[in-house]
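The values are calculated or read from the model by the stated rules, or taken from the named source; none is laboratory data. Everything numeric in this text was worked out from a predicted model, so none of it was measured. Note: ideal-geometry Cβ built from the backbone for every residue, glycine included; neighbour counts use all protein chains shown. With ligands, DNA and RNA removed, areas are computed over all heavy atoms of the protein, side chains included. Shrake-Rupley method; radii C 1.70, N 1.55, O 1.52, S 1.80 Å.
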Amino acid sequence: MPSTLHKTRKQISKKRNGEVNALHEKSRDSFRLRKAGVRDQRLEKLAAARNKREQPIVERVTFFQQKVREQGSEPLEVAAVQAIIHTYVHQYDEEYEAVKKTRRAGRPASTKEDLLKIKIAALEKEYEAGFLIPDITTADGVKSLDAWEGSWAYLTSLPWIKVTAAGNVRKAELPSKALV
């Protein structure tokens, strides 16, 4: 996708017969180039922030897609879904224990240890209230999850469910904000 800076540079070079280098410091054209450059930087920053916010959802869907493919791309029972959710919720336990063991006695917890503890607690809390996953209990849900290629736009067309630790399953919508 061409950037605003590229388009502006092209327009100015057409107007000046190919010479963009010979601009006065405070000319209108140099102002347009600076403005276009600032806009491109702002858009890149917003896109990076959006990708960072959406990454946990994409990672979650990728995890469940791999698990369903390992099971043979068949719809799963609620008990099997709960087992997969349990492995997802407790995927950071070993790393947390390793970081905890490396800490000397009497020392405060490291930042990494605190972040892992918070992440694990948030996942457990979400699992108690209702863990959001793509619907892998129906054939249509498994088929559409299997067809997912990794894009954010396709996630809205996937059917979603919330599964609680008690085994309750209810329909849900894809959240517009990050999960964790």
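Per-structure values
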| quantity | calculated |
| --- | --- |
| Linear extension gain, Gln11 paired with Lys117, 0.36 nm per residue minus alpha-carbon span | 32.8 nm |
| Segment Ser110-Phe31, extension gain: residue separation times 0.36 nm, minus the distance between their alpha carbons | 23.7 nm |
| Those residues of the stretch 70-89 whose amide nitrogen sits under 14 Å from the label point placed on Ser144, 7 Å along Cα→Cβ | none |
| Estimated inter-spin distance, Phe63 and Thr102, nm [label 7 Å along Cα→Cβ] | 2.1 |
| Potential extension, Glu74-Ala47 segment - 0.36 nm per residue separation minus Cα distance | 6.2 nm |
| Solvent-accessible heavy-atom area per residue, rounded to whole Å², over the stretch 4-172 at 1.4 Å | 66 |
| Per-peptide average of other Cβ atoms within 10 Å, ordering 5-13, 20-28 highest first | 5-13, 20-28 |
| Computed FRET value (nearest 0.05) for Tyr92 with Thr4, which takes r as the C-beta separation and R₀ as 45 Å | 0.65 |
| Solvent-accessible area, 1.4 Å probe, carbon plus sulfur percent, for the chain | 52 |
| The chain: angle of helix 28-70 to the longest principal axis, Cα-based, in degrees nearest 10 | 20 |
| Cα long-axis angle, helix 78-89 against the chain (0 to 90 degrees, to the nearest 10) | 60 |
